[in-house]
Amino acid sequence: MRCFYPINLILLSMINLLILLMLNFPLGSHLHEKSIHNKPNQWVIPFEASNGLESATYQQAIDYYNRLSKAFNEIHIYSYGKTDIGKPLHLVIISKDQDFDPESIKKANKRVLFINNGIHPGEPCGIDASMMLARDLMMKPALHKLLDHVVVAIIPVYNIGGALNRSCCSRANQIGPKRYGFRGNARNFDLDRDFVKENTLNAQSFAELFHMWNPDVLVDTHTSDGADYQYPMTLIATQKDKLQPMVSKYLEKVMKPDLYKMMDHTKYIMTPYVESYKTTPDSGIVSFLDTPIYSSGYAAMFNTISFISEAHMLHPFKDRVWGTYTELKSLLSITNRDYKEIGKIRAEADSAVAHQQNFATNWSLDTTKYKRITFKGYRAGYKNSKVTGQQRLYYDESKPYTKKIKYYNTYKATGMVQKPVAYLIPQGWRRVIKRLALNRVKMQRLSRDTSIRVQMYYIDDFKTMKRAYEAHYVHHDTKLRRDTVNYQYYKGDYVVYTNQKDNRYIIETLEPKSIVSFFNWNFFDSILMQKEYFSSYVFDDTAYKLLQEHPKLKKAFEDKRQSDPNFASNHRAQLDFIYKRSPYFERTYKRYPIGRLIHNIKLPLMSE
Ligand SMILES: [Zn+2]
């Protein structure tokens, strides 16, 4: 397979032989299951050995998968790409058919369930849960059956740098484990926000893995913050209104209800992720808007059904890990059951997106729409803080309640854009081109220098965050003006047609107004600075001449003087008004350099 480097040769150990025999004879496997749970053996993980108090270190996790890979033909561990700490990213593949080629797996109509762990290594429930799940899928016949139509892909630890920066207590509010990693990666990035801008090697390697495996279902495992309530597990399913409608319908009508039902039959009851409408969940909870900066929002752009599992920080680590395990197992079970339907829906969704004309670029909560859901909470109150004497919130765990609360779960598109026939990207914008390539966007290149009539945006206005956010001073509220121009392109410049299944990624990153656009992430800040100016004493005479020669300009200038006394008393501002409307002013200032091809004309393209 392309770019994959097996770490281990597959060696069938004595244990493997035994287990394969047991899988063929249910009675034997039952005995074996018992032995796993009742006495320590080589497959017990640190979490189990410590009675749920400890989480595996990065090295323990990798060593464990290496051993599984040696023991079972159905498990491979690959090292792939780099991460910011210098170590490679690992991917564990569990394939019943022992087929580890993503292309042939898809051809065999198998689904791929992709599990990402340790993006926040201080929230390691999924690291331990996945180790046990991988083992149990091999050793428990009932679970092994779940691999009939699904290949499981596991990133054991995504934020390796953070996982190696281990301590007792960087998550001040969380109950256990004893030691765990830190949220920031080797360069202090929060990888959970890096899926579009891809600043880190971790995110760049992830993008390659993601597109290589094209997961049908993705789960990113976390531990929650925030309010206290009875549920050990909460769930962010990717926001339904921004998911492709066919995929969304299946998620909302089938997968999510079945997943909740399955969890309800265990002690690991689950509720939608709790983001309170006001201060406490009684006021209602709001569906989380997972924009594409997050893994689930990113995956949703490619019609992947995606989840963020959030175990509740105030439940013991032991319960959180088993809750995460139960959730992963349940999702695997549903994916296996519905493998045909999921495959069909995703193929249809890909085709629909390739033909779709209008795309949403922003979303906002519709506060007029909610449904009522049953919620098991704890009564909240206020009392004086022993520290500050001020009022503080508390939840009384001795006063549980079950009641209906409002669940605000509808988002409306607040920006729409009609796609062009293609985007034209001058080759100098290398960081953008690199990301499009990492995300397997199909790009072609011009075969010669040529002038092409395109629609271009001018950035009329935008706001910028005052503080650095993930190494960026992010722009927002970007306002645009359109112009149609003949633009000079050069041989090798890029053409991105919008007839692709990855249209959402193309449009949401390249349309400057989009909430997650490369423009808003500062990739084009060089266009925001004016390069040439004028000397007032020289330009004064030129400006006078311009006004005499251009009555329309003169009228606009006089109107401005009439309506704006400050302007009328500012010599430089008045000359600047004329300068900016004259041929002397640079056309590149605030001109977004990616052109939109509106008419489908034949372009000179290099042969592929
Ligand atoms: Zn998290």
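Tabulated results
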{"quantity": "Of residues in the stretch 270-313 being farther than 22 Å from residue 122 by Cα, open to solvent by 10 Å² or more (accessible area, probe 1.4 Å) and among the aliphatic types (A, V, I, L, M), the one farthest from the ligand (Cβ to nearest atom)", "calculated": "286"}
{"quantity": "Qualifying position, being surrounded by fewer than 24 Cβ atoms within 10 Å (Cβ to Cβ), under 27 Å from residue 470 (Cα atoms) and not hydrophobic (A, V, I, L, M, F, W, C), among 165, 109", "calculated": "165"}
{"quantity": "Any hit, the stretch 93-102, residues being polar (S, T, N, Q) and either within 30 Å of residue 176 (Cα to Cα) or open to solvent by 20 Å² or more (accessible area, probe 1.4 Å) (or both)", "calculated": "yes"}
{"quantity": "Matching entry among 348, 341 (being in contact with a helix residue (DSSP H, G or I) (Cβ under 6 Å, 6 or more places away or on another chain), open to solvent by 10 Å² or more (accessible area, probe 1.4 Å) and not in a loop (DSSP other than H, G, I, E, B))", "calculated": "348"}
{"quantity": "Qualifying residue in the stretch 175-182 (condition: open to solvent by 10 Å² or more (accessible area, probe 1.4 Å), more than 16 Å from the ligand (Cβ to nearest atom) and without any contact (Cβ under 8 Å) to a residue 24 or more places away in the chain)", "calculated": "no"}
{"quantity": "Residue satisfying all of: in the stretch 594-608; assigned to a loop (DSSP other than H, G, I, E, B) and open to solvent by less than 50 Å² (accessible area, probe 1.4 Å); nearest to residue 526 (Cα to Cα) among these", "calculated": "594"}
{"quantity": "So residue 316, is it crowded, with 21+ Cβ neighbours inside 10 Å, farther than 17 Å from residue 117 by Cα and in contact (Cβ under 8 Å) with a residue 24 or more places away in the chain", "calculated": "no"}
{"quantity": "Single unsatisfied condition, residue 198 versus (1) within 14 Å of the ligand (Cβ to nearest atom); (2) in contact (Cβ under 8 Å) with a residue 40 or more places away in the chain; (3) under 20 Å from residue 294 (Cβ atoms)", "calculated": "(1)"}
{"quantity": "Selection within the stretch 215-242 - polar (S, T, N, Q), away from the ligand (no atom under 16 Å from the Cβ) and within 14 Å of the chain's Cα centre (by Cα)", "calculated": "239"}
{"quantity": "Residue list for the stretch 269-288, filter: in contact (Cβ under 8 Å) with a residue 12 or more places away in the chain, under 16 Å from residue 365 (Cα atoms) and part of a loop (DSSP other than H, G, I, E, B)", "calculated": "273, 274, 275, 277, 284, 287, 288"}
{"quantity": "Inter-residue pairs, beta-carbon under 9 Å, first within 30 Å of residue 471 (Cβ to Cβ) and in the stretch 525-544, second polar (S, T, N, Q), 6+ apart", "calculated": "527/588; 531/588"}
{"quantity": "Strands (runs of 3 or more DSSP E) contained in the stretch 444-516 and holding at least 3 residues surrounded by fewer than 20 Cβ atoms within 10 Å (Cβ to Cβ)", "calculated": "450-464, 475-489"}
{"quantity": "Matching residues in the stretch 102-161 - criterion: being within 15 Å of the ligand (Cβ to nearest atom) and part of a helix (DSSP H, G or I)", "calculated": "125, 126, 127, 129"}
{"quantity": "Unmet criterion (only one of (1) more than 16 Å from the ligand (Cβ to nearest atom); (2) among the charged types (D, E, K, R); (3) open to solvent by 10 Å² or more (accessible area, probe 1.4 Å); (4) within 30 Å of residue 474 (Cα to Cα)) for residue 171", "calculated": "(1)"}
{"quantity": "Inter-residue pairs, beta-carbon under 6 Å, first within 25 Å of residue 203 (Cβ to Cβ) and in the stretch 419-448, second in a helix (DSSP H, G or I) and open to solvent by 10 Å² or more (accessible area, probe 1.4 Å), 6+ apart", "calculated": "438/204; 440/211"}
{"quantity": "The lone exception for residue 243 - which of (1) farther than 25 Å from residue 321 by Cβ; (2) surrounded by fewer than 24 Cβ atoms within 10 Å (Cβ to Cβ) it fails", "calculated": "(2)"}
{"quantity": "Counted residues, the stretch 370-395 - those being surrounded by 12 or more Cβ atoms within 10 Å (Cβ to Cβ) and in a strand (DSSP E or B)", "calculated": "12"}
{"quantity": "Complete set of residues in the stretch 58-101 that are in contact with a strand residue (DSSP E or B) (Cβ under 9 Å, 6 or more places away or on another chain) and either in a helix (DSSP H, G or I) or of a type in the set (Ser, Thr, Tyr) (or both)", "calculated": "61, 62, 65, 66, 68, 69, 78, 79, 80, 83, 95"}
{"quantity": "Filter result for residue 42 (at pLDDT 95 or above, closer than 23 Å to residue 328 by Cβ and loosely packed, with under 13 Cβ neighbours inside 10 Å)", "calculated": "no"}
{"quantity": "Enumeration of residues in the stretch 517-537 that are touching a strand residue (DSSP E or B) at 6+ places or on another chain (Cβ under 9 Å) and part of a helix (DSSP H, G or I)", "calculated": "525, 527, 528"}
{"quantity": "Matching residues in the stretch 80-105 - criterion: being touching a Lys or Arg at 6+ places or on another chain (Cβ under 7 Å) and not charged (D, E, K, R)", "calculated": "88"}
{"quantity": "Failed criterion for residue 405 (all others in (1) under 30 Å from residue 226 (Cβ atoms); (2) over 23 Å from the mean Cα position of the chain (by Cα); (3) open to solvent by 10 Å² or more (accessible area, probe 1.4 Å) hold)", "calculated": "(3)"}
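Yes/no per residue for (1) of a type in the set (Gly, Ala, Ser); (2) in contact with a Cys (Cβ under 8 Å, 6 or more places away or on another chain); (3) closer than 21 Å to residue 151 by Cβ:
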position	(1), (2), (3)
87	no, no, no
108	yes, no, yes
116	no, no, yes
126	yes, no, yes
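The values are calculated or read from the model by the stated rules, or taken from the named source; none is laboratory data. Everything numeric in this text was worked out from a predicted model, so none of it was measured. Using ideal geometry, Cβ is built from the backbone for each residue, glycine included, and neighbour counts are taken over all protein chains shown. Just the protein is used for accessible areas: all its heavy atoms, side chains included, with ligands, DNA and RNA removed. Shrake-Rupley method; radii C 1.70, N 1.55, O 1.52, S 1.80 Å.
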